[in-house]
1. Calculate, in nm to one decimal, what Asn123 and Lys74 gain on full extension: separation in residues at 0.36 nm each, minus their alpha carbon distance.
2. What order do you get for 77-84, 21-28 when each peptide is scored by the mean count of other beta carbon atoms within 10 Å, highest first?
3. Express in nm, to one decimal, how much length is gained between Lys48 and Asp22 on full extension, taking 0.36 nm for each residue of separation and deducting their alpha carbon distance.
4. Find how much the distance from Arg137 to Val108 grows on full extension, using 0.36 nm per residue of separation minus their present alpha carbon separation; answer in nm with one decimal.
5. Could you list log10 I(q)/I(0) for the chain at q = 0.08, 0.11, 0.13, 0.19 Å⁻¹, which the Debye formula gives when each Cα is one point scatterer?
6. Among residues other than Val71 whose Cβ falls under 11 Å from its Cβ, what is the net charge (Lys/Arg +1, Asp/Glu -1)?
7. Taking K and R as +1 and D and E as -1, what net charge do the other residues with C-beta under 12 Å from the C-beta of Phe82 add up to?
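Read-outs throughout are calculated quantities, based only on the coordinates presented, and are distinct from any laboratory measurement. Since the model is a prediction, treat every value here as computed from it, not as a measurement. Here the Cβ is made from the backbone with ideal geometry for all residues, glycine too, and neighbour counts use every protein chain on show.
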Amino acid sequence: MPKRAKHYWLVKSEPNAYSIDDLERDGSTPWDGVRNYQARNTMRDDMKVGDLVLFYHSGAKPPAAVGVAKVASKPYPDALQFVKKSKYYDEKSDPADPTWILVDMAFVSKFANPVSLADLKANPKLEGMLVTKRGMRISVMPVEKKHFDTVVKMGTGV
């Protein structure tokens, strides 16, 4: 069986909920609390261990890509869906057939220069990148390798 090529992603997090600094401190974390079916399906069906991820601070002023993470686990059930006191509790989810799936994310690097949404939109090399499209609110999305590489260059200054 041929080896699958590495894929690239962008994940969004409110920096006051979980930031790139938190991921750097923790080393890795379950990417829990995702309650969008398309984002869940991406984590469940498409993300593979070793794939690289742009870490994006949404809700920041300004919103920006702030670093790189990597997918660090195979998909598994999000435990928070079964915790009644959690804001991510889902009473309809069955432990025998869980609704919500996640992967672990591991820290790779933090950008020296966060790449703001305005900078992403202004760079012609990033035309078509999903996060730059109006109304794109999904928290987990694919990124083309050429876009990933461009954002990393912008963030690292290399």
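1. 14.3 nm
2. 77-84, 21-28
3. Additional length available on full extension: 7.1 nm.
4. 8.0 nm
5. Computed log10 I(q)/I(0) values: -0.23, -0.43, -0.60, -1.21.
6. Cβ neighbours under 11 Å give a net charge of +1.
7. -2
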